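Peer 1: Once you've had a glance at the structure underneath, I'll fire off some questions.
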């Protein structure tokens, strides 16, 4: 037994031995209260993990399904506001390039981020805070403590992982609950392997399109008709129902992300973050009635709004950069490719090795400010459009990706793997820098996931080539 555990055990045994001789009074709680009986179920070896997984699945289902309608409402509202802003700029006789950059670069990027990020966070964080207020989250840490201890991490990292499902930036902030700085860094550096709500749309769309029971469609393979059909439309996972194979694919990716978290934690504990694991004495609190006011304030003000403000701060200038790259030609000659297309051509060899292409990698690079804009930027490059592309319905998207660009299931799975494992978004990196106060750890927080993502995609594609 570890000497820290021995000290803790000895302290509690001593307290239990002394207590009867100095404490008088009648017991107000039965020897076996309902708290204890419930804990016997929640923390049991047989039922603890299944209950935990069912609750997590329920939260994710409520978050994804519940966010669809408010996301639609926000997107519709932003679309109407865009029309009004366009008319205002035209009335003010603003230069064409300035109006286009403001509307189709800065505004559309910011609107996309807000409409996708706000509803899931507004649902996930209150539910997560409710479980925290009820006293269930310490039971989660208790159940997972042994697994994290085996890889040299801290049991409370389980809580930060759960928060990462809503937003990785919020997951990084929640690492404050870990007292040991070394283990807190480990939790911060690995939180990105848990998919946030910004990555779920891409995972669900591609899983439904390539692994669900979507209808095969035929259509033109030239840019004109397709481009006309997709500009000014919007991507929605509800374009087709998500069938069992797609659900299994997304669930498998989530489990794979958790396994990668354990592996990278084990690697960090033996390289960059060597040290003796700290003791984890968890005094499980009693179950409590939720405090609704406290839940709303803590989840919406302390978590949702702070993360959203950081995301908008980074996404707005990034939208301008994306617009400039897509609308600036490499030369004055007619038909010259844009900077976006030229950069994608340079990345093409690397993209092919990883099972993707140059435009996909450009989508991930320019999507650094927010994961939500990776797919729109990729489509922008494919269709040579000067603004973020919005697609309505999976059939139109299938025309672009499969019929025109030649995507296969291996391409889709490579993109999903890279999206799951690659570097954190700009908001999360900014949060890591704020939390650690270190440029070194912020850089490592980007380099380590990128190396893992490239290794996973390269290995996957080599295996596919070997057996298929």
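Nothing in this text is a laboratory measurement; each read-out follows from the coordinates by a stated rule. Computed from a predicted model, the values in this text were never measured in an experiment. Here the Cβ positions follow ideal geometry from the backbone for every residue, glycine too, while neighbour counts run over all protein chains shown.
Peer 1: Using the beta-carbon distance between residue 292 and residue 136 and R0 = 22 Å, what value does 1/(1 + (r/R0)^6) give for FRET efficiency, to the nearest 0.05?
Peer 2: 0.85
Peer 1: Quick one: which of 70-81, 338-349 comes out on top by average Cβ neighbours within 10 Å, and what's the full order, highest first?
Peer 2: Working: 70-81: 14.9, 338-349: 17.4.
In descending order of packing, they fall as 338-349, 70-81.
Peer 1: Now for a different question. Rank by packing, highest mean first: peptides 99-112, 452-465, with packing defined as the count of other Cβ atoms within 10 Å averaged across residues.
Peer 2: Those peptides, ordered most packed to least, come out 99-112, 452-465.
Peer 1: Ranked from highest to lowest mean number of other Cβ atoms within 10 Å per residue, what is the order of the peptides 430-439, 187-196, 407-416?
Peer 2: Order by mean packing, descending: 187-196, 407-416, 430-439.
Peer 1: Also, quick follow-up: Where does each of 139, 182 land when they are ranked from fewest to most other beta-carbon atoms within 10 angstrom? Before the final figure, lay out the partial values.
Peer 2: On the way: 139 23, 182 19.
Starting with the residue having the fewest Cβ neighbours, the order is 182, 139.
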